[in-house]
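Have a look at the structure below before the remarks.
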Amino acid sequence: MVDGPGFRTSVYCAGCRHACVGCHNPQSWDFGGGHEMTIEQIMRVIEADPFANVTFSGGDPMYQAAGFAELARTIHQRTNKDIWCFTGFTFESLIQPEQRELLNELDVLVDGPFVQSLRDENLLFRGSSNQRLIDVQASLYSGTIVLWEPAPILFTTQR
Ligand code: SF4
């Protein structure tokens, strides 16, 4: 529930080189710290919950962008789940072909390193105010950063 809106299955990858001071998950920095899983093994976990959407986190999935792009394509082929991804890279710096491939499959990217001096506990789904919730498909389409906004909640006083 903290990795994006609603109930989600979060895939935490091993490996990150950003070394942000104050990182919430430094045990995930080691690229050898996890265990290998196939796309099918991860899909079994994801498909076990028909109501949960999906978040890629870590570590930083952009260091394994080709594998996560394949996983994201499989998710979209077999389910109607949306996909969020957390990365310490900025959107503008993701120029490797496999990173663009992964971006093509994402709904929302939470980008940028965690900056301790900009920490704010009131921010939605991110730790520091430099990080952005980016509507990836709208941004790719328009060629400019489009921020994701939560759907408005409609209230009524009538019964
Ligand atoms: S990008 Fe995320 S996982 Fe990597 S060091 Fe920064 S806060 Fe930690």
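We did not get these values from a lab; they are worked out from the coordinates using the rules stated. On a predicted model such as this, the values are computed, not experimentally measured, just so you know. Neighbour counts are summed over all protein chains in view; Cβ atoms, including those assigned to glycine, are modelled from backbone coordinates with ideal geometry.
Quick look at the values:
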item	result
Mean Cβ count within 10 Å, highest first, over the residues of peptides 32-38, 127-133, 4-10	127-133, 4-10, 32-38
All-pairs Cα distance distribution in the chain, expressed in whole percent, bin size 10 Å	10, 39, 37, 11, 3, 1
GNM flexibility winner over the chain from Phe51, Phe86, Phe125 (Cα, springs under 10 Å)	Phe51
Nitroxide proxy distance, nm - points 7 Å out along Cα→Cβ at Ser93 and Ile145	1.3
Percent of beta bridges antiparallel (DSSP, the chain, rounded to nearest 5)	35
Projected-area mean, segment 5-59, by convex hull of Cα positions, square nanometres	4.4
Value of [θ]222 nm, deg cm²/dmol, for the chain, DSSP H segments ≥ 4, -39500 (n - 2.57) each, nearest 500	-7000 deg cm²/dmol
Anisotropy class of segment 84-159 from Cα gyration tensor, a/c 1.5 cut	oblate
Using a Förster distance of 35 Å, the FRET efficiency for Asn104-Ile153 (Cβ separation, nearest 0.05)	0.70
The chain - charge dipole about Cα centre, Lys and Arg +1 at Cβ, Asp and Glu -1, debye rounded to 20	280
